[in-house]
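Chemist: A single structure is presented below for examination.
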Amino acid sequence: MLDPVSRHAELSADDVRGAPPSGLIAMLFTDIEGSTGLASSLGERCAGVLEAYHEIVEGAVGAAGGWVDGTAGDGFFVTFEDVSAAGRAAVAMQRRLRTHAWPAAVGQLRVRMDLHVGQVERRARGYVGLEIHRAARVGAAAHGGQLLMTGVAAELLRDVVPSQPLGAHRLKDFPAPTALYCAVIDGRGAGEFPPPRTLELQIGSVPAMSFALIGREHDLGRVRAALQDDGERLVTLLGRGGVGKTSLALAAAHALFAEYAGGVWWVDAHQERDATGLCGAIARTCRISVEGSTEQALISEFGSRGPVLLVLDNLEAISGAGALLERVSARLPNLWVLATSQLPLGGRHERRVQLDRLEGGDALALLSRTAQRLDISLDDDRAGAELVELLDGLPLAIELAAGRLRLFGAAELVRRLRESMSILQDRARPERHRSLAAALEWTLDLLDRDASELFTRLGVFAGPVELEDIEAVTGDGLDVISAAATLADVALLHRVESGDGLVRFGFPEAIREHARQRLDAAGSPAWRRAHAVWQRDLVWPLRIYESADARLVERGHRSAAETRAALAWAWDHDRDLAREIALGRFPLAARAGSGPEARALINRLIADPGEDARVADLVRTHSCTHYVAGGDTRDVEASLVALLPELTDPQARHLCLLNIGLVMIWDRRFEEGLPWIDRALELVREGDPLVRASVLPMKADTLMEAGDNDGAEQVIRASDALAGSRHSSDRNLLRVTRAELASRRGAHAEALDGLGRVLADTESVGDSIAIFATILSLVRAFRRAGSESEMLESAGIATAFTEEEPSYRRFAEVALSDSQTAIDDAIRRLGPSGRSPSADHTSCW
């Protein structure tokens, strides 16, 4: 018989009179009974019989205005918009087949047919929908010469095609019985044919499925394997509200309906609150007369039945459900249970199947399918993908969002949801599924006090963080480990592994917004303050970036989103705390190439430095040097020299001394700059050796520029000795200095290899200044190696950096002052065909 999903043969364009129907349509399947034996007995004459058969079917279909959607040998799949026309066509076919003069070896060509009416969708590759499969199963139950109809078709055609009821029959893959009717054609009715070829009617009670399972095929396989292959007798589908536990359980009940002789029984237990109530719900569904102990009645009744599968939906609110099922299962070896719950039932023999988000393609398919059912088109697949990612692939949220596509395009809906998730509502749903917030609150109400409270407190975080940070910021008075495990059990808290060897935990954006709302509604600033203090303690040691431990700097970069969130709160609630956070964040932003953020931070600090000398002195130092680009270095130098006696904070004095020396180096006054760097070193001589080790590369650079390569090498060795196994944030700049020294000494391969390695490392951590310094050194190293094309390419990249961040321009002018002539000569010599940054450059800068 024709496969209803795959179209084995297509009609030509000339045969198609218009667009095939979609939506609620009539479907007719035909198939020759005993076609294999007939072909064997007829031999070559079979082709003529098939040709006549095709002419009869296609003629009747064409006359009735139907569409032949596909053929496969002796099978047809035909669709009709007009149900009455479908009935007339089927009757006409059977009459002509019976009266046609067939060869003697054929006698009467017996063709079985069925007619069904149902809702389907038409896509590029053909029809999809559960009702196609139902129609095909009915066709397989018919006998040659018979037209079987489903109840809906018989009702719609009662004035066109008389029929006789055949009772309820169970079709393959359809647990719920289907009412079948035999068409009466020219007086030939049900008495002319054997009973329909259907499965034995199975006992049980499972709701009909009105949907196709999307994205859970693997999970369905896990359930089947647990129950049937692994012999598990209590399997629990776990997950937060709206993740699709009920849908998967229903699909499993349908798929397993034929496997349990004692029946598959569906029990909706969402209104029950204790084990006694659950026993009563099971008894009512399974038609058990309860006498005495309800639990004992269940054991007595099920003990006399064959293998039974109980599908128990919504057990999360039922006290003692796990213990009850353990006791009953221990007494009934022929009982299997598939349960759904947001929390584990706690049984010793419970097999847990955790459900989580739908991944990209499956989530987008669910959005598209739900929108199509609502007669809404998804206008932008890219925005649709962004939408389902924002909703964390949660089926309930996706279905709610699909309904809003009637009002907004996908991109606009994404924008609005980033502002607030409150527009995701559907009042037609059960109360706990009317909105994403309602589903979350339903889940949270089931949790213990610590888990619910931790969920609220986690609203302070801007993204995933390490467990120790969760404990430090939100753990006061809570058992964080147990509470976090509970949140993970219901898939509210996600484990995130990003490839750096660290494990973090956090919320998807949709859930994080709800946690933030709960936190704000609580009205206590304690956890916002704790979060801000945590971030202040993290970034405050980084305010002198160059001498900070590289591991702390890496944590600071990873924590950028948390720092920004803490700073936003602190500016409004604690200015002193905000200034400390801002001062620690400023160098991180500047080094990462976030120029606008760095400028905004320093501008606000300059406008409001506060009273704390540690902050105010550093702000004044930064204010003298941050806007060097385009300024006069002599003016900057004078400002710093005048400021130095006024500074009381040692960190600020250290930075001021370094910056005075740096400004002189920018002016190529190397001999004058070295004493200032030495004074900065002297100021920190009794402090952390790593701080001194981080200053020495600047001194080595200055010595090289002054022509003292041997002195530079000694300083590099001293820096290595001081640092030991530790590394400052400017370790990569020290590696650049080593490569520069190798280049000056003619070891070109060593220099270029070293710079290439540094460039790869600095790009991986996003250190914009170190990247820029490496590229400038590559320009000089390629010049010394005589690689003009590579020199021009590196110079072009450096130019692009200065265009994006003008404050780098002065740095580049100094670094490449000895290379500019070579760059200009190479551009003139190579011309537009060279690998220069642009065809009409006459100067790199």
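The values are calculated or read from the model by the stated rules, or taken from the named source; none is laboratory data. Computed from a prediction, not measured in an experiment: that's the story for all the values here. Cβ placement follows ideal geometry from the backbone for every residue including glycine, while neighbour counts extend to all protein chains displayed. Note: areas computed on protein heavy atoms with side chains; ligands, DNA, RNA excluded. Shrake-Rupley method; radii C 1.70, N 1.55, O 1.52, S 1.80 Å.
Chemist: Picking from GLU813, GLU763, GLU750, which residue would you name as being out of contact with any Cys (no Cβ under 8 Å at 6 or more places or on another chain), free of Cβ contacts under 8 Å to residues at least 12 places away in the same chain, within 29 Å of GLN714 (Cβ to Cβ) and open to solvent by 60 Å² or more (accessible area, probe 1.4 Å)?
Modeler: Working: GLU813 fails: free of Cβ contacts under 8 Å to residues at least 12 places away in the same chain; GLU763 fails: within 29 Å of GLN714 (Cβ to Cβ).
It is GLU750.
Chemist: Of the residues that make up region 725-743, is at least one open to solvent by 60 Å² or more (accessible area, probe 1.4 Å), touching a residue at least 24 places away in the same chain (Cβ under 8 Å) and closer than 24 Å to ARG780 by Cα? So that I can check it myself, show each step before the final result.
Modeler: Filtering region 725-743 for residues open to solvent by 60 Å² or more (accessible area, probe 1.4 Å) gives 725-727, 731, 738.
Subset that is touching a residue at least 24 places away in the same chain (Cβ under 8 Å): 726-727, 731.
From what's left, closer than 24 Å to ARG780 by Cα: 731.
There is at least one residue in region 725-743 that is open to solvent by 60 Å² or more (accessible area, probe 1.4 Å), touching a residue at least 24 places away in the same chain (Cβ under 8 Å) and closer than 24 Å to ARG780 by Cα.
Chemist: Among strands (runs of 3 or more DSSP E) lying entirely in region 136-250, which contain 1 or more residues that are open to solvent by 30 Å² or more (accessible area, probe 1.4 Å), touching a residue at least 12 places away in the same chain (Cβ under 8 Å) and more than 26 Å from VAL490 (Cα to Cα)?
Modeler: Values: elements: 147-150, 163-171, 174-183, 234-238.
In region 136-250, 163-171, 174-183 are the strands (runs of 3 or more DSSP E) which contain 1 or more residues that are open to solvent by 30 Å² or more (accessible area, probe 1.4 Å), touching a residue at least 12 places away in the same chain (Cβ under 8 Å) and more than 26 Å from VAL490 (Cα to Cα).
Chemist: Just for region 507-524: of the residues that are in a loop (DSSP other than H, G, I, E, B) and under 21 Å from GLY475 (Cβ atoms), which one is modelled with the lowest pLDDT? Steps first, please.
Modeler: Filtering region 507-524 down to residues in a loop (DSSP other than H, G, I, E, B) leaves 507-508, 523-524.
Cutting the leftovers down to under 21 Å from GLY475 (Cβ atoms) gives us 507, 523-524.
Values: PHE507: 91, GLY523: 84, SER524: 80.
My answer is SER524.
Chemist: Surrounded by fewer than 22 Cβ atoms within 10 Å (Cβ to Cβ), in contact with a strand residue (DSSP E or B) (Cβ under 8 Å, 6 or more places away or on another chain) and modelled with pLDDT under 90: does that describe LEU42?
Modeler: When the stated conditions are applied, LEU42 does not pass them.
Chemist: Something else about it: Taking region 120-133 on its own, how many of its residues are open to solvent by 10 Å² or more (accessible area, probe 1.4 Å), under 16 Å from ASP69 (Cβ atoms) and touching a residue at least 40 places away in the same chain (Cβ under 8 Å)?
Modeler: Step one: filter region 120-133 for residues open to solvent by 10 Å² or more (accessible area, probe 1.4 Å), giving 121-125, 128-131, 133.
Cutting the leftovers down to under 16 Å from ASP69 (Cβ atoms) gives us 121-125, 128-129, 131, 133.
This time we only want the ones that are touching a residue at least 40 places away in the same chain (Cβ under 8 Å), so: 121-122, 125, 128-129, 131, 133.
Residues that pass the stated criteria total 7.
Chemist: Within region 603-627, which residues are closer than 18 Å to ARG536 by Cβ and surrounded by fewer than 21 Cβ atoms within 10 Å (Cβ to Cβ)?
Modeler: Selection gives ARG604, ASP608, PRO609, GLY610, GLU611, ASP612, ALA613, ARG614, ALA616.
Chemist: Would you kindly identify the helices (runs of 4 or more DSSP H) lying entirely within region 372-485 that contain at least 3 residues that are open to solvent by less than 10 Å² (accessible area, probe 1.4 Å), out of contact with any strand residue (DSSP E or B) (no Cβ under 6 Å at 6 or more places or on another chain) and within 21 Å of TRP527 (Cα to Cα)? Before the answer, list the steps.
Modeler: Values: elements: 381-390, 395-404, 410-419, 436-446, 449-457, 467-474.
Correct list: 449-457, 467-474.
Chemist: A further question on this structure: List every residue pair whose Cβ atoms sit under 6 Å apart, with the two residues 6 or more apart in sequence or on different chains, where the first one lies in region 333-360 and is within 10 Å of LYS245 (Cβ to Cβ) and modelled with pLDDT of 90 or more and the second, anywhere, is of a type in the set (Asp, Glu) and buried (at least 19 other Cβ atoms within 10 Å of the Cβ).
Modeler: THR340/ASP313; SER341/GLU316; GLN342/GLU316
Chemist: Here is a check on your reading of the model: is ARG327 open to solvent by 30 Å² or more (accessible area, probe 1.4 Å), closer than 20 Å to TYR260 by Cα and among the charged types (D, E, K, R)? Break it down into steps so the answer makes sense when it comes.
Modeler: Working: open to solvent by 30 Å² or more (accessible area, probe 1.4 Å): yes; closer than 20 Å to TYR260 by Cα: no; among the charged types (D, E, K, R): yes.
Criteria not met by ARG327.
Chemist: While we're here: Which pairs do you get when a residue that is modelled with pLDDT of 90 or more, found in region 590-608, comes within reach of a residue that is not in a helix (DSSP H, G or I), reach meaning Cβ atoms under 6 angstrom, with the pair 6+ apart or on two chains?
Modeler: Sorted first by the residue in region 590-608, then by its partner, the pairs are ILE602/HIS626.
Chemist: If you don't mind, another one. Identify, please: which residue in region 13-39 is assigned to a loop (DSSP other than H, G, I, E, B) and under 30 Å from PRO103 (Cα atoms) and is, among those, modelled with the highest pLDDT? Can you show your working first?
Modeler: Going through region 13-39, the residues assigned to a loop (DSSP other than H, G, I, E, B) turn out to be 16-22, 33-34.
So of that shortlist, the ones also under 30 Å from PRO103 (Cα atoms) come out as 33-34.
Values: GLU33: 91, GLY34: 87.
If we take residues in region 13-39 being assigned to a loop (DSSP other than H, G, I, E, B) and under 30 Å from PRO103 (Cα atoms), then GLU33 is modelled with the highest pLDDT.
Chemist: Just one of (1) closer than 20 Å to MET704 by Cβ; (2) β-branched (Val, Ile, Thr); (3) surrounded by fewer than 23 Cβ atoms within 10 Å (Cβ to Cβ) trips up THR774, so point out which.
Modeler: (3)
Chemist: Quick test for you: out of ALA565, ALA592, pick the one residue that is under 23 Å from MET698 (Cα atoms), open to solvent by 30 Å² or more (accessible area, probe 1.4 Å) and out of contact with any strand residue (DSSP E or B) (no Cβ under 6 Å at 6 or more places or on another chain). Spell out the reasoning first.
Modeler: On the way: ALA565 fails: under 23 Å from MET698 (Cα atoms).
Sole residue among the options that is under 23 Å from MET698 (Cα atoms), open to solvent by 30 Å² or more (accessible area, probe 1.4 Å) and out of contact with any strand residue (DSSP E or B) (no Cβ under 6 Å at 6 or more places or on another chain): ALA592.
Chemist: Now for a different question. What about GLY506, is it of a type outside the set (Val, Ile, Thr) and farther than 29 Å from THR340 by Cβ?
Modeler: Working: of a type outside the set (Val, Ile, Thr): yes; farther than 29 Å from THR340 by Cβ: no.
Against the criterion (of a type outside the set (Val, Ile, Thr) and farther than 29 Å from THR340 by Cβ), GLY506 does not qualify.
Chemist: Here's another thing I want to ask about it. Just to be sure before I move on: is GLU509 surrounded by fewer than 17 Cβ atoms within 10 Å (Cβ to Cβ) and within 27 Å of the chain's Cα centre (by Cα) in the structure I sent?
Modeler: Values: surrounded by fewer than 17 Cβ atoms within 10 Å (Cβ to Cβ): yes; within 27 Å of the chain's Cα centre (by Cα): yes.
Spelling it out, GLU509 is indeed surrounded by fewer than 17 Cβ atoms within 10 Å (Cβ to Cβ) and within 27 Å of the chain's Cα centre (by Cα).
Chemist: Next question. Given the options ARG158, ARG137, name the one that is basic (Lys, Arg) and closer than 22 Å to PHE174 by Cβ.
Modeler: That would be ARG137, the only listed residue that is basic (Lys, Arg) and closer than 22 Å to PHE174 by Cβ.
Quick grid of which residues meet (1) within 30 Å of LEU24 (Cβ to Cβ); (2) under 23 Å from the mean Cα position of the chain (by Cα); (3) not basic (Lys, Arg):
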{"residue": "ALA371", "(1), (2), (3)": "yes, yes, yes"}
{"residue": "LEU374", "(1), (2), (3)": "yes, no, yes"}
{"residue": "ALA385", "(1), (2), (3)": "no, yes, yes"}
{"residue": "GLU399", "(1), (2), (3)": "yes, yes, yes"}
{"residue": "GLU431", "(1), (2), (3)": "no, no, yes"}
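Chemist: Tell me yes or no: at least one residue of region 778-797 is under 41 Å from the mean Cα position of the chain (by Cα), under 29 Å from LEU552 (Cβ atoms), open to solvent by less than 40 Å² (accessible area, probe 1.4 Å) and not acidic (Asp, Glu).
Modeler: yes
Chemist: Select from region 51-67 the residues that are farther than 29 Å from GLY187 by Cβ and either in contact (Cβ under 8 Å) with a residue 24 or more places away in the chain or surrounded by 22 or more Cβ atoms within 10 Å (Cβ to Cβ) (or both) and list them in ascending order.
Modeler: At the first step, the residues of region 51-67 found to be farther than 29 Å from GLY187 by Cβ are 51, 67.
Passing the criteria: only TRP67.
Chemist: Go over the candidates GLU672, GLU686 one by one and state the one that is on the phi < 0 side of the Ramachandran plot and modelled with pLDDT of 85 or more.
Modeler: Working: GLU686 fails: modelled with pLDDT of 85 or more.
None of the other options fit; the residue is GLU672.
Chemist: Residue pairs, Cβ under 8 Å, 6 or more apart or interchain, first in region 418-445 and at pLDDT 85 or above, second part of a helix (DSSP H, G or I) and β-branched (Val, Ile, Thr). List them.
Modeler: From residues that are at pLDDT 85 or above, the pairs are LEU440/ILE511.
Chemist: Return only the number of the condition from (1) closer than 27 Å to PRO344 by Cβ; (2) at pLDDT below 90 that LEU493 does not satisfy.
Modeler: If we test LEU493 against (1) closer than 27 Å to PRO344 by Cβ; (2) at pLDDT below 90, just (2) comes out false.
Chemist: Just checking, how many residues over region 794-826 are farther than 19 Å from GLY593 by Cβ and touching a Gly at 6+ places or on another chain (Cβ under 9 Å)?
Modeler: Residues that pass the stated criteria total 1.
Chemist: Yes or no: SER639 over 46 Å from the mean Cα position of the chain (by Cα), hydroxyl-bearing (Ser, Thr, Tyr) and open to solvent by 40 Å² or more (accessible area, probe 1.4 Å)?
Modeler: Values: over 46 Å from the mean Cα position of the chain (by Cα): yes; hydroxyl-bearing (Ser, Thr, Tyr): yes; open to solvent by 40 Å² or more (accessible area, probe 1.4 Å): yes.
When the stated conditions are applied, SER639 passes them.
Chemist: Considering only region 341-371, state which residues are in a strand (DSSP E or B) and either more than 18 Å from ALA488 (Cβ to Cβ) or open to solvent by 20 Å² or more (accessible area, probe 1.4 Å) (or both).
Modeler: ARG351, ARG352, GLN354, listed by residue number.
Chemist: Being buried (at least 18 other Cβ atoms within 10 Å of the Cβ) and assigned to a loop (DSSP other than H, G, I, E, B) narrows it down to one residue among LEU97, LEU109, LEU115; which is it?
Modeler: LEU109
Chemist: In addition: For region 265-310, which residues satisfy the criterion of being touching a Phe, Trp or Tyr at 6+ places or on another chain (Cβ under 6 Å) and buried (at least 18 other Cβ atoms within 10 Å of the Cβ)?
Modeler: To start, the set of residues in region 265-310 that are touching a Phe, Trp or Tyr at 6+ places or on another chain (Cβ under 6 Å) comprises 285-286, 307-310.
The answer is THR285, CYS286, VAL308, LEU309, LEU310.
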